[in-house]
Amino acid sequence: MLYNNDKYILELLQEAGLVEERDILQAEQGKKQGESSLEALVKSGVISDEQVAQTVAVNSGMEYVDLHGFEPHPGLKSLMTLETALRYKIAPLGTSGTALQIVVSDPYDFETLDALPHVLQPELEFFCSTPALIKTLQANIFGNEAVMGGGFKKSADSSASDDDAPVIKLVTNMLMEAFKNKASDIHIEPLEKDIRVRFRMDGVLVDVEHHPKRLHAAIIGRIKILTGSMQLDEKRVPQDGRIQMNYNDKEVDMRVSVIPTNHGESVVMRVLDKSSLRLGLSDLGFLTDDQASFEQLITLPDGIILVTGPTGSGKTTTLYACLHFINRPDKKIITVEDPVEYELAGINQVGVKEDVGMTFAAALRAMLRQAPNIIMLGEIRDLETASIAIQASLTGHLVFSTLHTNDAPSAVARLADIGVKPFLIASAVRAIEAQRLVRKLCGDCKSPSSLSDRELRALGLEVAQMVDASIYGPAGCSKCRQGGYRGRMSLVEIFKVDDEVRTMINQQLTTPQLRKRARELGMRTLREDGIRKVLSGLTTADEVIEATMADAD
């Protein structure tokens, strides 16, 4: 479509006597599918695109500029990037004082006109011309790359040039720094007098930089533009979007959340690193024996495998690692997620859209008609979803899902609280894995250490148990940003549901009774797994103690 408001422009053309009603009717009858009436009029020769551009220019208050024979000087290329020119269908004409002069084809594309001061610079002077002449000017300024569409892909590893707009460079550099430091989240928070930027690295928020409050609107506007879906002029309600970028030849997705606060809009960008999809269970923190046990469980032909833990404990990453391990051409795997965070090759993924009735339960019900072998359900939230998942597991499907519980045995009580009958829990559930995340010691700088009396007491260890231990502590180097830690790993406990446990579930025994019996059967608690990793020099006692406070008994 040439213009955003074709109907209004047709009325302007009629008022100017350039077209008549019969011309419009004939154009509508002869137009191709997907073609607007205005495009059909221009194509049929009833009116020229120059006449259309001149008409809309006059009525919008812009000056029409005839670009035929316009010779761009070499400096124009420095006034904006090819990315910006192609994205917004504009071109630079020059400067006038402190204003940047640009030519647009659609004076009624108010979203673009509102966005450009944030993308380029606040002071702009607009002119109008035809889409075809603007394309020609783009080619004359930027060369063959513009003629070929620029081959454009939003890229965070292409740093902005010295002539780019300051806000574009600021946002680009911010994202590059976050990717470089492997941040999982970027927080842009407006305070009373300035803007605070924080990165979450290895689970800890770090204050990175502060910017003047006057840049707030421009920074938020730039991020909204990068999503391609957020409304620039809407500042009263939360908005969500996504950004896809390249960094060092790696594709990185970001999930963007914007929410209004008392000092302005606050942004959180969650960085979704696709390299985590290829992680094995050992990369996540499973020691050899736990890995072998869990791999055996996730290759069962049917039943439910539950991964539990609080928000941010890595449950989704573990589920993706499971799917990566069992994904083979002879297996059909379907997932239901809210939202779909990573795209998995060879796996059918369904996103929840509750506003159109695509709930977890509705999607799961539809999935079963697709004859899958393996189902991943992002979360069991209610009885309806739980019931369908259990029925699927009892009819020959292997089902993976998550629950929010403190430990593995508590998941049984959680399912019962939702309303699932004990005999169904006992019949369907094959295993429950609980986990927490702790920071790993930096392998390049960790130094030999020992446990204090306080740490020994907290972990329930005796001095005699330290004889063969490899205790290390954080030191700090350039690789870990002087923090002593680099990356995170899981603490896990695996609760296998065997015949005896099924009987206990049917008898509705309490969670402490289930936990006691599970430990008698060999289940290590989260804290016990953490102790093993402390004694192996993988993490520190403080990390384990903090992550397993509820497991102190």
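The values are calculated or read from the model by the stated rules, or taken from the named source; none is laboratory data. Because the structure is a prediction, the values reported are computed rather than measured. As a convention, Cβ positions derive from the backbone with ideal geometry for all residues, glycine included, and neighbour counts pool all protein chains shown. Accessible surface is based on the protein model in full, side chains and every heavy atom, while ligands, DNA and RNA are left aside. Shrake-Rupley method; radii C 1.70, N 1.55, O 1.52, S 1.80 Å.
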Review point. Could you say which residue among 13, 25 is crowded, with 19+ Cβ neighbours inside 10 Å and either more than 42 Å from the chain's Cα centre (by Cα) or not hydroxyl-bearing (Ser, Thr, Tyr) (or both)?
Key: 13
Practice item. Specify the residue that is surrounded by the most Cβ atoms within 10 Å (Cβ to Cβ); the eligible residues are those in the stretch 439-468 that are part of a helix (DSSP H, G or I) and in contact with a Ser or Thr (Cβ under 9 Å, 6 or more places away or on another chain). Key: 455
Exercise for review: Taking the residues in the stretch 477-505 that are basic (Lys, Arg) and out of contact with any helix residue (DSSP H, G or I) (no Cβ under 6 Å at 6 or more places or on another chain) as candidates, determine which candidate is surrounded by the most Cβ atoms within 10 Å (Cβ to Cβ).
Suggested key: 488
**Study point:** Subset of the stretch 344-369 (residues that are of a type outside the set (D, E, K, R) and more than 18 Å from residue 399 (Cβ to Cβ))
**Key:** 345, 346, 351, 356, 357, 358
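Return the residues of the stretch 40-53 that are without any contact (Cβ under 8 Å) to a residue 40 or more places away in the chain and either of a type in the set (S, T, N, Q) or not in a loop (DSSP other than H, G, I, E, B) (or both); say none if nothing qualifies.
Kept after step one, since they are without any contact (Cβ under 8 Å) to a residue 40 or more places away in the chain, are these residues of the stretch 40-53: 40-41, 43-48, 51.
Within the stretch 40-53, 40, 41, 43, 44, 48, 51 meet the criteria.
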Practice item. Go through (1) within 25 Å of residue 295 (Cα to Cα); (2) of a type outside the set (Lys, Arg); (3) free of Cβ contacts under 8 Å to residues at least 24 places away in the same chain and name the single condition residue 536 misses. Key: (3)
Check your understanding: Do you know which residues across the stretch 245-265 are closer than 18 Å to residue 344 by Cα and either over 16 Å from the mean Cα position of the chain (by Cα) or crowded, with 16+ Cβ neighbours inside 10 Å (or both)?
Key -> 245, 252, 253, 254, 255
Review point. Looking at (1) more than 30 Å from residue 489 (Cβ to Cβ); (2) among the aliphatic types (A, V, I, L, M); (3) surrounded by fewer than 13 Cβ atoms within 10 Å (Cβ to Cβ), which is the only condition residue 205 fails?
Key: (1)
Practice item. Please work out which residue is farthest from residue 408 (Cα to Cα), limiting yourself to the stretch 425-438 and to residues that are among the charged types (D, E, K, R) and buried (at least 21 other Cβ atoms within 10 Å of the Cβ). Key: 436
Check your understanding: Is there any pair with a first residue in the stretch 493-512 that is closer than 15 Å to residue 417 by Cα and a second that is outside any helix (DSSP H, G or I) whose Cβ atoms are under 7 Å apart and which are 6 or more apart or on different chains, and what are they?
Key -> 511/409
Practice item. Give the stretch 351-364 a look and list any residue that's within 21 Å of residue 383 (Cβ to Cβ) and either of a type in the set (A, V, I, L, M) or at pLDDT 90 or above (or both), or say none. Key: 352, 358, 361, 362, 363, 364
Revision key, fill the gap. When every residue in the stretch 64-119 that is of a type in the set (Phe, Trp, Tyr) and in a helix (DSSP H, G or I) is compared, the one farthest from residue 171 (Cα to Cα) is 110
Review point. Does at least one position in the stretch 136-147 carry a residue that is of a type in the set (Gly, Ala, Ser), modelled with pLDDT of 90 or more and surrounded by 15 or more Cβ atoms within 10 Å (Cβ to Cβ)?
Key: no
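Could you look through the stretch 314-343, keep only residues that are in contact with a strand residue (DSSP E or B) (Cβ under 8 Å, 6 or more places away or on another chain), of a type in the set (A, V, I, L, M, F, W, C) and closer than 18 Å to residue 398 by Cα, and pick out the one that is surrounded by the most Cβ atoms within 10 Å (Cβ to Cβ)?
Per the criteria, the residue is 336.
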Practice item. Check 282, 229 and return the single one that is open to solvent by 20 Å² or more (accessible area, probe 1.4 Å), under 20 Å from residue 434 (Cβ atoms), small (Gly, Ala, Ser) and at pLDDT below 90. Key: 282
Check your understanding: So how many residues does the stretch 367-409 have that are in a helix (DSSP H, G or I) and either open to solvent by less than 10 Å² (accessible area, probe 1.4 Å) or under 24 Å from residue 493 (Cα atoms) (or both)?
Key -> 7
Check your understanding: Taking the stretch 296-313 only, how many residues are open to solvent by less than 10 Å² (accessible area, probe 1.4 Å) and over 17 Å from the mean Cα position of the chain (by Cα)?
Key -> 8
Check your understanding: Which one is modelled with the highest pLDDT, of the residues in the stretch 28-39 that are in a helix (DSSP H, G or I) and open to solvent by 20 Å² or more (accessible area, probe 1.4 Å)?
Key -> 39
Check your understanding: Quick check, is residue 66 in contact (Cβ under 8 Å) with a residue 12 or more places away in the chain, open to solvent by 80 Å² or more (accessible area, probe 1.4 Å) and within 30 Å of the chain's Cα centre (by Cα)?
Key -> no
